[in-house]
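First up is the structure itself, then whatever we jot down about it.
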Amino acid sequence: MMNEIIEQALAPVFAGVKRTDEVNDFYDEVRADLAEAAQDKMATNAMLSQEEAVKAALTEMGDLHEAVKMMADDETLTPAPQIEPITGKPGNVELTVEAAGLRKVKIDGHYTDVRLTMSETTEFTVKTMQRGYFNGEVAFKTTDGQLKITMPEPKKWSFLVPFAHPHQTIELGVPAEFAGELTVETKAGNVWIENLVTPALTLALEAKAGNVRIADAEMHLTRVNMKSGNLHMDNVTTEFETDVKSGNTKLVAAKGFGQLAGQSGNLTVDWDELQGDVHLRLRSGNIKNVLPQTASFKFDAQSESGVVKVKRDGEFDVKTMSYLKGETDGRAEYLVKAQVKSGNVKMM
């Protein structure tokens, strides 16, 4: 009976959405969390019916519609496009830039898809491709140890041309030894980062609209600030500093420490190795934090409106439905903190 009620409650949330593997996994996870939260509510309030408990639990999860839609759209991120420059055409460039002496590299992408990968040499490699009508050409400027690459903005009227909407892509190959700062700024476009092993690199991404996907990478510091879009990181070793205003953040096989935040969306982190303190923070959405079974850690998990669960043995200093604080054992070295205003928190 409970399962039928939950399926009916979730039907409008997932209606009309492409059922990708990730969406199906999320559906199963939400259904399990919903059943658990509803049971908890009935255990503390015997007057609640199953329908009322499920409805209340679903309300506490926040608005899942946009998160589900963006998760379905996130499938379009893979695989990353391969860039094949066309010699001799404006906007299609292929060149190398000497890395010696450079401390900062910046891509001002505007409306651009960006791909970062390893350079096969000690130089930066640059490939660009344009289709459609743009205001000017790709601009390169090197001064005082800084390289700036500016992609032109599309002509406004070009979006009205049938079958010729403007599109541009840049691929930057980064030398493994580069120990400076790499900044990418986009107004609209996706960012792919693949096989980028640069242990001394500081990476800063600023994206207003678009998705970011990082896989098989190692960096000193990864700073991501997104206004709207999904962030997916797979097998990344770094210090994390992320803030996704509207969208989902998902880390798989993460190694490192740091702070991950968001305003509206879900935050899921699956750690392979914990290397320092972690702080997860959301305004509206659910937090799921999966830590290595062998890890010892202090925990501090809070929700102003929702249910908090820590599914690990440990000693609790505070233990309520909305606040759990303690440590797994006396060997705990790092603090794992999770805070959400409206939503649930689960540590495993």
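Between Leu95 and His220, the distance separating the two model label sites (each 7 Å from Cα on the Cα→Cβ line) works out to 2.7 nm.
On a 0 to 90 degree scale, rounded to 10, what angle separates helix 50-60 from the longest Cα axis of the chain? The answer is roughly 40 degrees. Here is the size of the stretch 208-338 from its Cα atoms: Rg then Dmax, 14.4, 44 Å.
Loop-located GluC sites (Glu not before Pro) in the stretch 115-203 (DSSP state other than H, G, I, E, B) with a sparse environment of at most 11 neighbouring Cβ atoms within 10 Å: Glu120. Quick check on the chain: of the DSSP beta bridges with both residues there, what percent are antiparallel, nearest 5%? Of the beta bridges lying entirely in the chain, close to 20 percent run antiparallel. Helix 21-44 and the long axis of the chain differ in direction by around 30°, with both axes built from C-alpha atoms.
Given the chain, report the % of alpha carbon pairs whose separation exceeds 37 Å. I get 27 percent for the Cα pairs in the chain exceeding 37 Å. Of the trypsin sites (Lys or Arg not before Pro) found in the stretch 169-265, no site is in coil according to DSSP while having at most 12 other Cβ atoms within 10 Å of its Cβ. Between the residues Pro154, Phe178, Val97, the greatest Cα displacement towards the positive end of the dipole of the stretch 91-189, with unit charges on the Cβ of Lys, Arg, Asp and Glu, is found for Pro154.
Just so you know, all these numbers are worked out from the coordinates, no wet-lab data involved. Every value quoted in this text rests on a predicted model; they were computed, and no experiment measured them. Heads up, the Cβs are rebuilt from the backbone with ideal geometry, glycines too, and the neighbour counts pull from every protein chain shown.
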